[in-house]
Structures are given as structure tokens and as C-alpha cells.
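Working notes, beginning with the structure itself.
Readers should treat all values here as calculations from the given coordinates under stated rules, not as data from a laboratory. Predicted model, so just to flag it, every value in this text is computed and none were measured. Here the Cβ positions follow ideal geometry from the backbone for every residue, glycine too, while neighbour counts run over all protein chains shown.
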Amino acid sequence: MTLKIINYKPIGFKETNLPSSFYIDENGLIADNSSSEFEVVDCNNSYLSPGWSDLHVHIWYGGSDVSIRANEAGFKRGVTTLVDAGSAGEATFHGLKEYVIDRQRETIKAFINIGSIGLVACNRIPELIDERFIDIDRTLKVIEENRDIICGIKVRASGVIVGPWGIEPVKIARKVAEIAKLPMMVHIGEPPPTLNQVFDLLRPGDIVTHCFNGKNPGSISDSPQIFANAKRLAEEGVYMDVGHGAASYNFKVAKEAIANGLKPYSISTDLHGWNLNGPVYDLATTVSKLYAAGLTLNECVNAITCNPRNFLALENAATLAIGSKADFTIFDVNDCDEQVSDSQGNEMTMKSAFEPRMVISGAKTFLAERTKTPQSNS
């Protein structure tokens, strides 16, 4: 049946002068009303945005000991597009595709890990111990077989993963990315390698994830020179991604960076089994923390809608144009008085929280809500 969407506040769309109501036909496409019968979806004056997109999650459940089930991060949390950030390498990517990507209602893309084994035993068996853990030819073959899914190359460039191998895995990932004509997503953290070594290998269109981590050393706040280098890269088109995670988001680093002009391109969760029950919880809680750190409402919305969707080249990334597939999140931003933590255990009190209410995907609607944190009052 045709849906009629009414009583919404549009936000995050490319167009201006949007209609006060619109229709979705039985094929899930934005349409002119050509039916006398329709079901009304009343948004009750909530915001309506392009579907929320989380550019960094781990959802290869069963193939990676750190991953969660995709539905724990998707529609029921207001998120319509999920991007697995390197849970699978070339040796296990077929399983991620068959058992997760092909079976979910959400749109799912993936960065392929440059390490062949991916995160099968995350950090206990690092995927980048030495050159035996990377197979360039097999990785390129898997990429060619999955061009519709794979959106880039993931490399974790921190000491706990690479050890004395240092910057070499990033150099190899750079080579593979250039051959495959794909961007890299680089996880930054404690050295080796150093941030400046990583930064020297980045190109416009690449992603730095965990951009506001509080590690010392290993953070953009380590020195004015490193911060200036990060800001320069962002201005040149390298994308800064939040990637909150269990160890990679710091309130002070985020607030100071934003105040000094370094704003994230995308807000993502790095959601996995070690942070699902705190401090991350979900995308709504994560974006609320960035709102508290100084981003405007529109900047927050763009960082979970237009920007990641544009990076993924999703068709009709942010539009209500006739013929476009319906893909929307309905949400409120409510006053609250809620205590939350960053990845180092520092606490702050949020005064506003993003609260997803519903997802519209094609011709179907799905109820959504934010995970109830211990301090949640909504």
C-alpha cells in the first residue's frame, strides 16, 4: 500500500523548499499520489532525515570474536546503512557476505582488512604480525569479486597490531588501494607507526578513523604540529571519522579540536561487543556526544547522513526526488540530563540527546529507539 508521510521537519536534505508531505509507493519509491488508498505515517513534528549511516561498525558475528549481530546496530537504532570496518580479510570475506550482508534488511558495505585473517581473534592474534599475514593477490581478487560491496581498504596502524613492523602495513595498504582504485580507512593509535608517518601516506578521499582518540602518544592532540598536520589533511580532502569505540574517543580532544576548526567528516561508533553496553551504546548516543562537544545540529546530521552516504556513493544519497528509494530516519532531539563516558572513563553530562523514533526503508516502517544507558531518562 502507498504511504503518505506527514508532519515532519526535514533536515539533512540537498533540496530546499521541500513538500509538507510526500508519498511512497508500493515499490518503496518516492511518488506522486496516484492511489486513493494510502496509509498515513504521522511523524508528529519530529525531524526526518536521510537514513542514518554508520561508517564504522563490526558486524561479522561468528567470524570475528569482537563483532555483534548487525540488527543490534541497524534499524532498531535508527540506522539504515552499516559499514563493517575491516572485520573480514580476504580469507573470510565470503562468510561476511553470505551470512551477514546478503541476509540483512539494512544496506551494508564493507572495508576489507589488509590483513588476510581480519579480526578473527581481535588483538589476541593481530592480523598484521609480519608479511605472511598479507596476501596482495588474493585481496585484489576478493575486491574484484565484490566491487558492489567493498568500499575501501582497512588497515589498523597502531603498535598493539603491527608491533615492530611499524609503517609497512600502511604502505602495502596504500599500494593495494591504488591498484584497486579505492580509498583507505586507517585506524590511528599508539605508535609505532607515528601519526606523521601515517599522515604522509594519506591521499584525498582516504579516511582517518579514531580521529579524536585520547591516547598518549597517538592522538592529534600530541603536539601543535601534529594537530596542524591533521587539520591540513582535512582541508585537503582526507576525511576525519570519529570511530568512538572502546578506546578511541576523548571528550577533551574532541571539544578542543572542534573549537580549533577540525570537525569530523563522519560520526561513527566503532560499535562491537566490547562497547555495545557502554561507553558507546549506539549511533544516537555517539552523535549526541559530538553535539555536546560543539558541533551544530546540522553538522551532526550531515556527519551521519549526507557525508557517509556520499562517500559510499549511495544512489540518491539525500533527496526526496520522485523515483528515489525511500530511506529515512525519523528522530527527535530532546533535552536531557544524562551522564555519559568517553573511552578513557571521563564523564560529562549531556543536555541534549538524539532519539530515533522510526526508520522508513522502501515501503516499510520500523520502530526505533536509542539504547537505554544507565543514566537515560527518556
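Of the strands (runs of 3 or more DSSP E) that lie entirely inside the range 161-260, those containing 2 or more residues that are within 30 Å of residue 148 (Cβ to Cβ) and among the aliphatic types (A, V, I, L, M) span 184-188, 207-209. On the basis of being surrounded by 22 or more Cβ atoms within 10 Å (Cβ to Cβ) and of a type in the set (D, E, K, R), does residue 222 make the cut? Against the criterion (surrounded by 22 or more Cβ atoms within 10 Å (Cβ to Cβ) and of a type in the set (D, E, K, R)), residue 222 does not qualify. Suppose the filter is part of a strand (DSSP E or B), surrounded by 23 or more Cβ atoms within 10 Å (Cβ to Cβ), in contact (Cβ under 8 Å) with a residue 12 or more places away in the chain and of a type outside the set (Lys, Arg); does residue 340 pass it? Criteria met by residue 340.
Within the range 310-328, is there a residue that is part of a strand (DSSP E or B), touching a helix residue (DSSP H, G or I) at 6+ places or on another chain (Cβ under 8 Å) and basic (Lys, Arg)?
Checked against the condition, which is being part of a strand (DSSP E or B), touching a helix residue (DSSP H, G or I) at 6+ places or on another chain (Cβ under 8 Å) and basic (Lys, Arg), the range 310-328 yields no hits at all.
Residue pairs whose Cβ atoms lie under 8 Å apart, separated by 6 or more positions or on different chains, with the first residue in the range 187-200 and within 16 Å of residue 129 (Cα to Cα) and the second part of a loop (DSSP other than H, G, I, E, B) and of a type in the set (A, V, I, L, M), are 192/167; 193/167.
Would you confirm whether or not the range 345-359 contains a residue that is of a type in the set (A, V, I, L, M), in a strand (DSSP E or B), within 22 Å of residue 108 (Cα to Cα) and touching a residue at least 60 places away in the same chain (Cβ under 8 Å)? Among the residues of the range 345-359, at least one is of a type in the set (A, V, I, L, M), in a strand (DSSP E or B), within 22 Å of residue 108 (Cα to Cα) and touching a residue at least 60 places away in the same chain (Cβ under 8 Å), which makes the answer yes. Close Cβ contacts (under 8 Å, 6 or more residues apart or on different chains) running from residues in the range 107-118 that are touching a residue at least 60 places away in the same chain (Cβ under 8 Å) to residues that are among the polar types (S, T, N, Q) comprise 107/80; 107/81; 109/81; 114/139. Residues that are in contact (Cβ under 8 Å) with a residue 40 or more places away in the chain, surrounded by fewer than 24 Cβ atoms within 10 Å (Cβ to Cβ), over 23 Å from residue 328 (Cα atoms) and not hydrophobic (A, V, I, L, M, F, W, C) occur in the range 59-82; there is at least one. When the range 360-373 is filtered for residues that are of a type in the set (D, E, K, R) and not in a strand (DSSP E or B), the ones remaining, listed by number, are 369, 370, 372.
Among the residues of the range 55-68, those identified as closer than 18 Å to residue 124 by Cα, out of contact with any Gly (no Cβ under 6 Å at 6 or more places or on another chain) and assigned to a loop (DSSP other than H, G, I, E, B) are 58, 60, 62, 65, 67.
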